[in-house]
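One structure is given here, and the rest of the page talks about it.
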Amino acid sequence: MDVFSIENLNSLESKTSNPREIALLRFESLENVNDGGFASSFVPMLRDSMNSWFDSSMKSGNTVMTRDNNGCKVAEEKKEDINVLTPELSFFVKGTVETDILYRVLTIYVNISRVDPTLAEELGRQGSHLVLSRLIRYDGAMDFETEEDQDTIIELQDLACEIATQAGGSFPVKCAPLTPDDLRSRLPLRFTITAPNKSDQEKEETITADEQVVLINQVTARRQSAQEDVGFVMWPSAVALSKWLIANPNSILGKSVVELGSGCGLTGLVAAGIQSNGGPDFGEHSVTLTDFNPTVLENAQRNISLNDLDHVATTSELDFYKQSGTADRWLDGTGDSRDQVDVVLAADMICQPDDSIAAANALHDTLKPGGIAFSICADSKHRFGVDSFAEQCKRAGLIVETTNVADMYDGNLLCEEGMNLTSGYVEGMTLTFFQIKKPLIR
């Protein structure tokens, strides 16, 4: 199909309309082993649309504007057998097909550069910056007789300059295309979270989907170098708790939810997806992803947008160690007190012995009386302090029930799918499910 067809441009504009659509387009462009990714098809489109525009704009009355070996405009006398625009249409740029196509291609590029810096870098390394530089350096706007044409050229140059600005000091980057394997390593993690072994009756009783595809950017693909960096990567308990949520959507539907120690945010995003799929009656921002690390929170917010859940989810700083364990509200990172919620979710939020005390205090202060928390943690071999967590919850006045995750849903919460994308996953590892209730005030 002609890359400049209206249908193709419409499709491309739709597929680059938001971070999630762009990420899915990147996955799609790498489905085949030898595919070169989205950049390998978009940059030729950009180059061809630029060439077509320059060629069409370099025709004028009795002369034809051509390019010398250095790319500079050179006027040559029109030959009789050359089919050029009539003098009445000389130097006409505004409203031409070539201008419209170039404008739309540049607008697509601008949107990509705004919302997906990773893909924007890949486009630059594929050679797009060299194409844009040609337009940015073009100084022929004043050759055009009408102010409308001059403004049109400046508008095109402004789009190219915005892309260059988004690239920062790296513009223009050297043309050095990435290999398909390198491109795949730069994609977000894609988790397909499926409900485990739900009966037909259970499926009929729930109104949300039994599967969610969640995209996750990690801060880094490496294991953390300090306890403060634990939220930089994905951990197994988040996958298990997410599967449990998909199987039990009624546990959070229509309720206010906080995820403690969100890290990359998988569990909170699944909860937000359930709320979103449940319909419009559950309010805006009904799920809050929290963490104490600002870098982790920035990434969590990015993942909210990546999954198109900004209308349901938000982020807030919450430090376990700043919660008293006796208050009727919880403190955010600014020191403001926040309303307690119906449900708290937490996965692998304990990393050291003192964390069990602080996490129990945080659960007390974030939960409403009568509220409930669902948490999954690896055992003390992998997470120091987990062995005292239940005891600390009881000290804080909470009621705790524990279950070995291997005994739930015939062990399907632990199936390797999804787990193999996380850090610290060991086949046969023990995870514990905590159901923690806060008694009603009497």
Take the Cα coordinates of region 390-431, assign each an equal point scatterer, and use the Debye formula without solvent to give log10 I(q)/I(0) at q = 0.21, 0.28, 0.30 Å⁻¹.
-> -0.74, -0.92, -0.99
Here the Kirkwood hydrodynamic radius of region 242-369, Cα-based and in Å, equals 14.5
Distance in nm between Arg190 and Glu391 label points, each 7 Å along Cα→Cβ, equals 4.6
Mind pulling the per residue volume of the convex hull built on the Cα atoms of region 324-363? Å³ is fine.
-> 81
Residues Thr295 and Val213, FRET efficiency given R0 of 25 Å [Cβ-Cβ distance, rounded to 0.05] | 0.45
So, in nm, how far is label Gln435 from label Ser14 when the simple model puts each one 7 Å beyond its Cα toward the Cβ?
-> 4.4
Once the piece of chain linking Thr220 and Ser337 is laid out straight, how much longer is it, given 0.36 nm per residue of separation minus the C-alpha distance between them?
-> 38.9 nm
Holding the Cα-Cα limit at 24 Å, pick out from Lys94/Lys174; Lys322/Lys437; Lys322/Lys438 the pairs that are longer than that.
-> Lys94/Lys174
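Could you report region 249-385's accessible area per residue, 1.4 Å probe, as an integer in Å²?
Per residue, region 249-385 has 35 Å² of solvent-accessible surface.
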Counting only protein heavy atoms and leaving out ligands, DNA and RNA, the solvent-accessible surface of Cys175 at a 1.4 Å probe, in Å² to the nearest 10, equals 60
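Can you figure out the FRET efficiency of Ser5 with Asn197, using R₀ = 45 Å and their beta-carbon distance, to the nearest 0.05?
The calculated FRET efficiency here is 0.45.
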With a point put 7 Å past each Cα toward its Cβ, work out how far Glu155 is from Arg47 in nm, to one decimal.
-> 2.8
Ser324-Leu130 FRET efficiency (beta carbon distance; Förster radius 56 Å; 0.05 resolution) = 0.40
Just by accessible area at a 1.4 angstrom probe, what is the order of Glu416, Glu121 from largest to smallest?
-> Glu416, Glu121
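The values are calculated or read from the model by the stated rules, or taken from the named source; none is laboratory data. Worth saying up front: this structure is predicted, and the values here are computed from it rather than measured. Neighbour counts run over all protein chains shown; Cβ positions are idealised from the backbone, glycine included. Surface accessibility is based on the protein's heavy atoms, side chains included, excluding ligands, DNA and RNA. Shrake-Rupley method; radii C 1.70, N 1.55, O 1.52, S 1.80 Å.
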